[in-house]
1. Could you please tell me which pairs satisfy a Cβ distance under 6 Å, a separation of 6+ or placement on different chains, a first residue in segment A:74-96 that is closer than 18 Å to A:K43 by Cα, and a second residue that is assigned to a helix (DSSP H, G or I) and open to solvent by 60 Å² or more (accessible area, probe 1.4 Å)?
2. I want to confirm something. Restricting to segment A:32-46 and keeping residues that are open to solvent by 10 Å² or more (accessible area, probe 1.4 Å) and within 7 Å of chain B (Cβ to nearest Cβ), which single residue is farthest from B:K6 (Cα to Cα)?
3. Which residue pairs have Cβ atoms closer than 6 Å, lie 6 or more positions apart in sequence or on different chains, and pair a first residue in segment A:3-30 that is facing another protein chain (nearest Cβ under 7 Å) with a second residue that is modelled with pLDDT under 95 and not in a helix (DSSP H, G or I)?
4. Could you list, in sequence order, the residues of segment B:64-96 that are part of a loop (DSSP other than H, G, I, E, B) and closer than 15 Å to B:R33 by Cβ?
5. When segment B:55-82 is examined, which residues are found to be in contact with a Leu (Cβ under 9 Å, 6 or more places away or on another chain) and not hydrophobic (A, V, I, L, M, F, W, C)?
6. Evaluate the following for B:R57: is it open to solvent by 60 Å² or more (accessible area, probe 1.4 Å) and farther than 28 Å from B:S14 by Cβ?
7. Out of segment A:63-82, which residues are of a type outside the set (S, T, Y) and within 11 Å of the chain's Cα centre (by Cα)?
8. Looking at this structure, is B:K68 open to solvent by 40 Å² or more (accessible area, probe 1.4 Å), away from chain A (no Cβ under 14 Å) and touching a strand residue (DSSP E or B) at 6+ places or on another chain (Cβ under 9 Å)?
Number of protein chains: 2
Amino acid sequence: MGGAEKALRELVRSNPVLANPTRLAIMLLLAMRRKMYFSELQKALDLTPGNLGSHLRKLEEAGYIRTKKVLTRIRPLTLVILEAEGEIALYRHLDSLRKALRSLGA
Amino acid sequence: MGGAEKALRELVRSNPVLANPTRLAIMLLLAMRRKMYFSELQKALDLTPGNLGSHLRKLEEAGYIRTKKVLTRIRPLTLVILEAEGEIALYRHLDSLRKALRSLGA
């Protein structure tokens, strides 16, 4: 029980930026793809532009991603790029999540 | 990638009551112990009474736990009891979390 409690106390104190399921999903997707267009992310996760934009701002403020305008002949596109700091924070968060899930022996 | 996106879309829509790491930790602990005194939960997760109380209210409103006053010779104690509905919701949430974590192949 001592180890389980330690894992659960770590979960309680886990990263509030990544605790949000939508931001966690965005970061997991970026960890697979390194960079994605705003519209690709929106489609993959079925989010409104406003909702995705607000979560991306929080991730950018935390230094976990950066965004870049890409000019195309038709219209400018927003590219969302995973930062090294974001990847480190993500793996740390996943580790604390996994330990907490394992606490249940499941 | 299709399966991963499905798992991540499910994560985005996952249970907001259980998405909070503190409430998830409370529920994981209760899933192991079925019932715990308020003071035991507080000590195990290192939470202030106000913080624990506010999370328990949200879990109670969702029908996931119930609380019961237990009279002792010294002082009344609050017992926190896991409800069947809470256990079902917890396992469903853990399943969606695990699928999302697996999406990264990690």
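The values are calculated or read from the model by the stated rules, or taken from the named source; none is laboratory data. Just so we're clear, the structure is a prediction, and the values are computed from it rather than from any experiment. We place every Cβ from the backbone using ideal geometry, glycine too, and count neighbours over all the protein chains shown. What goes into the accessible areas is simple: the full protein's heavy atoms, side chains included, and nothing from ligands, DNA or RNA. Shrake-Rupley method; radii C 1.70, N 1.55, O 1.52, S 1.80 Å.
1. Qualifying pairs under 6 Å: none.
2. To start, the set of residues in segment A:32-46 that are open to solvent by 10 Å² or more (accessible area, probe 1.4 Å) comprises A:32-35, A:37-40, A:42-43, A:46.
Keeping just the survivors that are within 7 Å of chain B (Cβ to nearest Cβ) gives A:32, A:46.
Numbers: A:M32: 14, A:D46: 10 Å.
Here the residue is A:M32.
3. A:P21/B:S14; A:L28/B:L104
4. Hits for segment B:64-96 are B:Y64, B:E83.
5. B:H55, B:Y64, B:R66, B:T67, B:K68, B:K69, B:T78
6. On the way: open to solvent by 60 Å² or more (accessible area, probe 1.4 Å): yes; farther than 28 Å from B:S14 by Cβ: no.
Considered against the rule, which asks whether it is open to solvent by 60 Å² or more (accessible area, probe 1.4 Å) and farther than 28 Å from B:S14 by Cβ, B:R57 comes out as no.
7. Here is the first cut: in segment A:63-82, the residues of a type outside the set (S, T, Y) are A:63, A:65-66, A:68-71, A:73-77, A:79-82.
Scanning segment A:63-82 gives A:I65, A:L82.
8. Values: open to solvent by 40 Å² or more (accessible area, probe 1.4 Å): yes; away from chain A (no Cβ under 14 Å): yes; touching a strand residue (DSSP E or B) at 6+ places or on another chain (Cβ under 9 Å): yes.
In short, yes.
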